[in-house]
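The values are calculated or read from the model by the stated rules, or taken from the named source; none is laboratory data. If you're wondering where the values come from, they're calculated on a predicted model, not measured in any experiment. Here Cβ is always computed from backbone atoms with ideal geometry, including for glycine, and neighbour counts include all displayed protein chains.
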Amino acid sequence: MLLRKNHPSSAKLWPFTARFISAEERLSQAFESKGPWAAGLYEFLRFGIKQGWACLFGGLMVALLIATKLWYPAGASLARYDFLFIAAILIQGVLIAARLETLEEAKVILLFHVVGTAMEIFKTSVGSWAYPEASLFKIGNAPLFAGFMYAAVGSYLARVWRLFDFRFTYHPPIWATILLSVAIYINFFAHHYISDVRLALFALTALLFGRTTVYFKVWRVHRHMPLLLGFFLVSLFIWFAENIGTITGAWLYPHQAKGWSIVPFTKLGAWFLLMIISYVMIAALNRPQIFIPEKKNEPLVKPESVSA
């Protein structure tokens, strides 16, 4: 059977933003009344604000990296890395208390921290990168705040999914994406001892998600883009953030030991694959929903075209 329905405002799905719906509606009507250019500008600004709001945890972590680089006392009894770890816990607690994240999402983000910390322990042990400063809260050579950098990606995906009311067409089965993410995670460790199969993993990712379209609601209607393009764009911004992290000296790659230089663009591929793992965790929690056209002149999509 083919279905059509109007999707509710994504703001209504989030208790924190639901209280502002009336005021926002008046503002949007004011822009809309000034014509299509003003309405388009409003939608563009709304998109940017939503993205910034979704990046709240990651943005705060990057801000802390910069602020502690510039102003953290060199002789403080609490090491900089330990301060970052405690601050990250406090930020996460505030997000949950303010209902900006659900407990279910927080559990997944905790899993991100565990997955990321395990990778950090291994990667620092084989010299892929290093944390040059001392810390108390660490395992091996990996300070525990580092796991929150991975958790920031999970937090962003959980929040952006909710804020933009994601819908999909031709989404691959969750079980297949889980197998892919497991293979990606194993390769992050195994390629130090056997052949690196990331090219095959890129090909499998393209095979699984090549037809998938994500529909996201900025304002009145759902816009859409290829999901693979979305993965790339998010990975690109993570790469930008990683460059900021290394500029602050929070962690360093071997080629940066004698002075900072840009993180190799090849690392973008690693972040792309890591993004797939992050996305699959959130998708397993949210269970991707099928996009159903909102306008009569839009083509109908059969429900069975998306398998979750």
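Just one residue in the set Gly116, Gly93, Gly127 is outside any loop (DSSP other than H, G, I, E, B) and either among the acidic types (Asp, Glu) or under 21 Å from Val263 (Cβ atoms) (or both); that residue is Gly116. Scanning the range 160-187 for residues that are within 18 Å of the chain's Cα centre (by Cα) and small (Gly, Ala, Ser) yields a single hit, Ser181.
Just one of the numbered conditions (1) under 21 Å from the mean Cα position of the chain (by Cα); (2) at pLDDT 95 or above is not true of Ala200: (1).
Among the residues of the range 223-231, at least one is within 17 Å of Gly58 (Cβ to Cβ) and out of contact with any His (no Cβ under 7 Å at 6 or more places or on another chain).
Looking at the range 209-230, I want the residues that are under 22 Å from Ile178 (Cα atoms) and in contact (Cβ under 8 Å) with a residue 24 or more places away in the chain and have a partner that is β-branched (Val, Ile, Thr) and crowded, with 20+ Cβ neighbours inside 10 Å with Cβ atoms under 8 Å, at least 6 apart or on another chain. Which pairs are those? If the second residue must be β-branched (Val, Ile, Thr) and crowded, with 20+ Cβ neighbours inside 10 Å, the pairs left are Leu227/Thr213; Leu227/Val214. When the range 63-86 is filtered for residues that are farther than 19 Å from Ile247 by Cβ and surrounded by fewer than 19 Cβ atoms within 10 Å (Cβ to Cβ), the ones remaining, listed by number, are Pro73, Gly75, Ala76, Ser77, Leu78, Ala79, Ile86. For Arg211, the criteria (1) closer than 30 Å to Gly40 by Cα; (2) surrounded by fewer than 14 Cβ atoms within 10 Å (Cβ to Cβ) hold in every case but one, which is (2). If you go through the range 147-183 and keep only what is aliphatic (A, V, I, L, M) and at pLDDT 95 or above, you end up with Ile174, Ala176, Ile178, Leu179, Leu180, Val182, Ala183. Within the set Ile276, Ile244, Ile282, the sole residue that is at pLDDT 95 or above and buried (at least 20 other Cβ atoms within 10 Å of the Cβ) turns out to be Ile276. Residues that are surrounded by fewer than 17 Cβ atoms within 10 Å (Cβ to Cβ) and among the acidic types (Asp, Glu) within the range 87-126 comprise just one, Glu104.
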